[in-house]
1. Given the options B:101, B:20, B:54, which has the most mean-square fluctuation in a GNM of chain B, springs set between C-alpha atoms less than 10 angstrom apart?
2. May I have the convex hull volume per residue, in Å³, for the Cα set of segment B:26-112?
3. Report the full-extension gain for the segment residue A:27 to residue A:59: residue separation times 0.36 nm, less the Cα-Cα distance, to one decimal in nm.
4. Kirkwood hydrodynamic radius, chain A, all distinct C-alpha pairs: what's the number in Å?
5. GNM on chain A, C-alpha springs below 10 Å: top fluctuator among A:42, A:58, A:16?
6. Ordered by residue, what ³J(HN,Hα) values in Hz, to whole numbers, does segment A:23-31 give under the Karplus form 6.51 cos²θ - 1.76 cosθ + 1.60, where θ = phi - 60° and Gly and Pro are x?
7. Looking at the calculated P(r) for the protein assembly as shown, what percent of the C-alpha pair distances fall above 32 Å?
8. Using r as the Cβ-Cβ distance of residue B:12 and residue A:109, and R0 as 22 Å, what FRET efficiency do you calculate, to the nearest 0.05?
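Each value in this text was obtained by applying a stated rule to the coordinates, not by laboratory testing. Source: prediction; values computed, not measured. Cβ coordinates were reconstructed from backbone atoms using ideal geometry, including for glycine residues, and neighbour counts include every protein chain displayed.
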Amino acid sequence: DAGITQSPRHKVTETGTPVTLRCHQTENHRYMYWYRQDPGHGLRLIHYSYGVKDTDKGEVSDGYSVSRSKTEDFLLTLESATSSQTSVYFCAISEVRGDTEAFFGQGTRLTVV
Amino acid sequence: GENVEQHPSTLSVQEGDSAVIKCTYSDSASNYFPWYKQELGKRPQLIIDIRSNVGEKKDQRIAVTLNKTAKHFSLHITETQPEDSAVYFCAALTSGNTPLVFGKGTRLSVIA
């Protein structure tokens with residue numbers, strides 16, 4: 001398996017609190033992505049990065065921010081968590097833009113109560 | 001932007017039968033179409049992909065076909081086995097700097 005690790009794997013947090021999820025890779029891949037997975041919605045892109053400090057929004061970016069200060073780390077922050085952000089979050093990496101295999105992390109199950 | 005529709009959302013087949021999952025895309029500039037398999041509680045993993053200069057690709061029991069004119073592509077699984085039970089996602093990559101756009105997934109159940 002590709003070297004990609006998400007932390008934490010599970011988290012329960014209260015509405016209104018900030019939450020940061022971490023994605024760490026050891027593959028030196030340029031592209032990193034954050035998706036959320038919800039029943040009936042498949043995998044929806046939140047934000048992605050195409051290099052250090054280079055990020056862009058996906059289709060469901062409202063309420064989320066990201067940072068990438070190092071090639072190996074891509075952080076997803078929920079500034080003020082809401083119940084609608086309860087989901088499974090997947091990080092993915094790819095060597096070039098999209099047209100090679102994207103490797104997914106194990107996922108983070110986030111519950112906002 | 002690109003939009004990917006996937007059908008059916010659920011599919012049940014008897015072991016040994018074939019399964020077909022279909023996807024349509026909206027952007028005629030899309031040129032890469034991967035399929036991912038996600039087993040229960042696991043991460044999605046690539047099982048096969050096809051590029052726009054190819055009409056069909058096979059890998060053992062799985063195959064993907066692409067019809068660029070109609071803008072649709074399909075996953076075919078033959079001689080299905082219980083371990084094929086999973087959620088399958090199609091995706092499409094268009095031009096520009098945008099990443100993959102995924103369909104909503106198909107839950108395949110293979111009944112022994």
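1. Most flexible of the set in this elastic network: B:54.
2. Numbers: hull volume 8.8 nm³, N = 87.
That works out to 101 Å³ per residue.
3. Stretched fully, the residue A:27-residue A:59 segment lengthens by 8.9 nm.
4. Over chain A, the inverse of the mean reciprocal pair distance is 13.8 Å.
5. Maximum among the listed residues: A:42.
6. With the stated coefficients, segment A:23-31 comes to 10, 10, 10, 10, 9, 6, 6, 6, 9 Hz.
7. For the protein assembly as shown, the fraction of Cα-Cα distances above 32 Å is 18 percent.
8. 0.25
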